[in-house]
There are 2 protein chains.
Amino acid sequence: MPDRRAGAKAGLTRERVLDAALDYVDAHGLPALSMRKLGAQLGVEAMSLYRHVPNKDALLDGLVDRVMETAFTGLGAPSGDDWPAWLRAFAHGLRSALIAHPGVLPLAATRPVNSPDALRMSEGWLAAMRTAGLPLGRALDMVNVLATFTIGHTLAEVGQTPGHEGSEPDLDQHAAELDPAEFPNLLEVIATRAGLDFDSRFTQAVDILIAGYAALPRP
Amino acid sequence: MPDRRAGAKAGLTRERVLDAALDYVDAHGLPALSMRKLGAQLGVEAMSLYRHVPNKDALLDGLVDRVMETAFTGLGAPSGDDWPAWLRAFAHGLRSALIAHPGVLPLAATRPVNSPDALRMSEGWLAAMRTAGLPLGRALDMVNVLATFTIGHTLAEVGQTPGHEGSEPDLDQHAAELDPAEFPNLLEVIATRAGLDFDSRFTQAVDILIAGYAALPRP
DNA sequence: ACGACGATGCTTACACCGTAAGCATGATCT
DNA sequence: AGATCATGCTTACGGTGTAAGCATCGTCGT
């Protein structure tokens, strides 16, 4: 602590606090994040953070908003009949953003995002899909199903206990202890990597979903 | 604390500890669970629990195992060509179990399950689906995609901050503050409940996924 | 120019958390 | 009967989120 005199500014801002928190979580994992450590990262006491964030929970909500924002800025709204392509971009963009900040993923999975910006984007998407002829309920279904699937799939992909760096897809570690007579299929999975390619599995499932919705009759 | 003399048994067991923890989480939410409170619930000091559980993390893993167990006991393995029906039962059974213990859901979403029992079940499923003619990788894809989608969708369904009892699907609360001119579609969603029926949305998406996989060529 | 004021960051304090270490007691076995 | 072991309790430590109050700054109205 550089012995800053009280009253001297450290240039703290809600923005800077969130940035630092995101950096910290990316670097050390979600469970390691504490107000004191975050303060230290910013050269500030823990309680100083409370001038810019009401409490830790709100800070975590802010992190989720931040990541969602990066996921969807640049992604426009679906225009015309290209909503299947747009949905694909939506899902893949969301997945990329979540993978880029794995520490925030458990938060994104748990906390509903209701920031004004998020609502505004949803509104825009729904509006665009309606003008493309889709019923409102169907449009909402598609977006929600793709979002929840993406979150669920990415959770499994990032897997491992939150702050831990396990690299191996969680199955390989147990490979040695598996009785070859009892677990022939699991061992073959490990050996051939069949069904362990998250990328193509995700792409395929997303395409199936979109095609399935596209094939539905329009009531 | 009923002043039990040291050495006197309280009948503690890993089973009883897990049961109590599950009850506590169901009743008070995950964030409220602490070793001390769980001990109190069992008429015991916190440290006594450590005789039956190595640490809190292991206890949480145990909770996930417990719920997964209840989800899949009774669900047999797919036999013959009925794997689509089996997959449907798999997804709906998982969803029911997760909804029955919403407090455990964030844990189930975060921690990979690698208990011997879980591996044994996976092995059985894969074996059965292979004898039905499915490639190993395809079988694994389907199970994983359905599982991750179910978890993601149920997370959104249960939603709200973990320990909280908000009943309203998180959108209604903001309805009043929404500018009708700016958010016509979201307001129509709230008014008509179009696309807010989690049950039928889930069923539909699961059916789309299964039908999509069934329509895939077998390599 | 000056005094009041609001914003900022620091200090102190409290209740709670997970858990390491060691002890007392009863049950069980030889 | 004596030794051993499993069980639960006690104490203690370092960490957490955050309420309350204080010291100091920049800013602004007069």
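Taken together, the values in this text are just the output of simple stated rules run on the coordinates, not laboratory data. Please read these numbers as outputs of a predicted model, since none were measured by experiment. As a convention, Cβ positions derive from the backbone with ideal geometry for all residues, glycine included, and neighbour counts pool all protein chains shown.
Of all the options B:L155, B:L22, B:L42, the one that moves most in a Gaussian network model of chain B with Cα springs shorter than 10 angstrom is B:L42. Among B:H52, A:H101, sorting on how many other beta-carbon atoms sit within 10 Å of each Cβ, with the fewest leading, yields B:H52, A:H101. Copy-to-copy label distances for B:S200, where each label lies 7 Å from Cα along Cα-to-Cβ, are 3.8 nm in order of increasing length.
Taking every full run of DSSP H in chain B, none both stretches at least 15 Å from end to end by Cα along its long axis and averages 1.6 or higher on the Kyte-Doolittle scale. Please give the FRET efficiency for A:A89 paired with A:E45, using the beta carbon to beta carbon distance and R0 = 41 Å, rounded to the nearest 0.05. Working from the Cβ atoms, E equals 0.40.
At A:P116, with labels set 7 Å past Cα in the Cβ direction, how many nm apart are the copies from this one, shortest first? Nearest first, the other copies' label points are 5.8 nm away. Going by neighbour counts of Cβ atoms within 10 Å, the residues B:W125, A:W86 line up, fewest first, as A:W86, B:W125. Ordering A:E182, B:E188 by the number of other Cβ atoms within 10 Å of each residue's own Cβ, fewest first, gives A:E182, B:E188.
Across the stretch A:78-215, how large is the tail of the calculated P(r) beyond 18 Å, expressed as a percent of all Cα pairs? Percentage above 18 Å: 63. For B:P31, the distances from its label point to the matching points in the remaining copies are 1.9 nm, ordered from shortest, with each point set 7 Å beyond Cα toward Cβ.
Here the protein assembly as shown has an Rg and Dmax of 23.4, 76 Å, counting Cα atoms alone.
Label-to-label distance, A:S200 versus B:A100, with points set 7 angstrom from Cα along the beta-carbon direction: 3.8 nm. Taking R0 as 22 Å, what FRET efficiency do you get between A:D82 and A:A215 from their Cβ-Cβ distance, rounded to the nearest 0.05? Approximately 0.85, to the nearest 0.05. What sits nearest the axis between copies B and A, counting only chain B Cβ atoms, is the residue and whole-Å distance B:G152, 1. Computed from the Cβ-Cβ distance with R0 of 60 Å, the FRET efficiency linking A:T192 to B:A181 stands at 0.55.
The slack between B:D26 and B:A118, meaning 0.36 nm per residue of separation minus the straight C-alpha distance, is 30.9 nm.
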